[in-house]
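The values are calculated or read from the model by the stated rules, or taken from the named source; none is laboratory data. Predicted model, so just to flag it, every value in this text is computed and none were measured. Neighbour counts run over all protein chains shown; Cβ positions are idealised from the backbone, glycine included.
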Amino acid sequence: MEKRGQVTIYIMIGVFILLVVLLIFFLKGDVLGVKKFLGFGKVKNTDLYLKDQMTQISNEVNRCVDLEAGKALKILGDQGGYFVPENYLFYYGYNIAYLCSEIKDKNSCLNNMLLEERLENDLNLYLKDKLKDCINLGKFEKYDYKLEYDKSNFNVNTDINKRKVKFEVSIPVMISMDETKLSKDSFIRFVNVPFGDVILVTNNILNSEVVYGDFDTVSYTIFKLGEYNINKRRVFPDKIYTVKVEGYDYRFQFAIKGAV
């Protein structure tokens with residue numbers, strides 16, 4: 001009788017463990033297909049369900065754009081608009097690009113002004129591989145719908161605006177369930193960095209340096225009603241300008257070579 005009692009206890013323990021394991025699988029996404037077999041989790045509105053899944057995919061793309069584009073824009077801000085400056089001033093750990101170079105025997109400099117088109121192309125090239133590696137669509141592959149995507153056609157297109165930067169990430173994605181299909185070819189994300197404004201102010205400074213050999217930060221700030229915070233400091237024989245837009249946590253710095 002004692003042995004039978006022990007066997008019964010072992011059986012009960014075994015059944016309990018089995019139930020716990022099945023419950024874990026059930027809650028974690030139906031690894032064994034139990035929910036599907038029993039009819040649980042059947043989607044009542046396929047269209048809304050797929051739209052919700054596509055929203056989650058969009059959120060994944062947005063997460064990576066915020067992360068990688070944020071880093072890229074910071075590098076450009078720290079280094080005078082270049083990822084790898086060729087002509088630069090090394091200052092406190094930063095390679096700050098010279099955007100105006102001295103002209104011998106003249107109180108002026110040779111303007112290397114910022115061009116939006118060049119900066120947009122640089123961002124496209126820099127971010128393409130970064131975003132391609134960051135975006136993980138594999139985690140959205142589930143048993144109850146089919147996910148198809150093509151990273152071989154992956155691309156990035158940047159559009160610099162006054163107070164934000166638009167990033168369009170091209171990657172064909174299609175999810176389908178039964179006869180319902182939902183597809184998207186690109187995802188758009190705006191990053192709130194006033195890069196267009198910074199470019200405009202920087203080019204104004206450069207034009208003044210070319211014509212007058214200097215730039216009056218105080219007068220410009222007053223004229224623009226305090227919209228910008230511009231700092232100028234001497235690093236003999238050069239100058240470093242720092243530009244900030246009021247209300248934004250973003251800094252853009254660049255150097256003037258051979259200032260007198």
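Annotations for the structure displayed:
- Breaking point among (1) free of Cβ contacts under 8 Å to residues at least 60 places away in the same chain; (2) surrounded by 14 or more Cβ atoms within 10 Å (Cβ to Cβ); (3) among the hydroxyl-bearing types (Ser, Thr, Tyr); (4) in a strand (DSSP E or B), for SER183: (2)
- When the residues of the range 186-196 are filtered to those that are not in a helix (DSSP H, G or I) and not basic (Lys, Arg), the one that is nearest to LEU73 (Cα to Cα) is VAL193.
- Subset of the range 52-88 (residues that are of a type in the set (A, V, I, L, M, F, W, C) and part of a helix (DSSP H, G or I)): MET54, ILE57, VAL61, CYS64, VAL65, LEU67, ALA69, ALA72, LEU73, ILE75, LEU76
- For the range 206-215, the criterion of a residue being without any contact (Cβ under 8 Å) to a residue 60 or more places away in the chain and within 16 Å of GLY77 (Cα to Cα) is satisfied by no position.
- Of the residues making up the range 137-163, those that are surrounded by fewer than 17 Cβ atoms within 10 Å (Cβ to Cβ), assigned to a loop (DSSP other than H, G, I, E, B) and not hydrophobic (A, V, I, L, M, F, W, C) are GLU141, LYS142, TYR143, ASP144, ASP150, ASN161, LYS162, ARG163.
- Set PHE167, PHE252: member being buried (at least 21 other Cβ atoms within 10 Å of the Cβ), within 19 Å of the chain's Cα centre (by Cα) and assigned by TED's automatic domain parsing to the domain that holds TYR98: PHE252
- The residues of the range 197-237 that are assigned to a strand (DSSP E or B) and either out of contact with any strand residue (DSSP E or B) (no Cβ under 9 Å at 6 or more places or on another chain) or crowded, with 19+ Cβ neighbours inside 10 Å (or both), listed by number, are TYR228, ILE230.
- The range 178-202, subset of a type outside the set (A, V, I, L, M, F, W, C) and under 12 Å from the mean Cα position of the chain (by Cα), residue nearest to LYS166 (Cα to Cα): ARG189
- Considering LYS146, LYS164, LYS128, LYS132, the condition of being in contact (Cβ under 8 Å) with a residue 12 or more places away in the chain and in contact with a Pro (Cβ under 9 Å, 6 or more places away or on another chain) is satisfied by LYS164 alone.
- In the range 186-196, the residues that are surrounded by 15 or more Cβ atoms within 10 Å (Cβ to Cβ) and not aromatic (Phe, Trp, Tyr): ARG189, VAL191, VAL193, PRO194, GLY196
- Meets criteria (under 20 Å from the mean Cα position of the chain (by Cα), modelled with pLDDT of 95 or more, among the basic types (Lys, Arg) and farther than 30 Å from VAL235 by Cβ) for LYS130: yes
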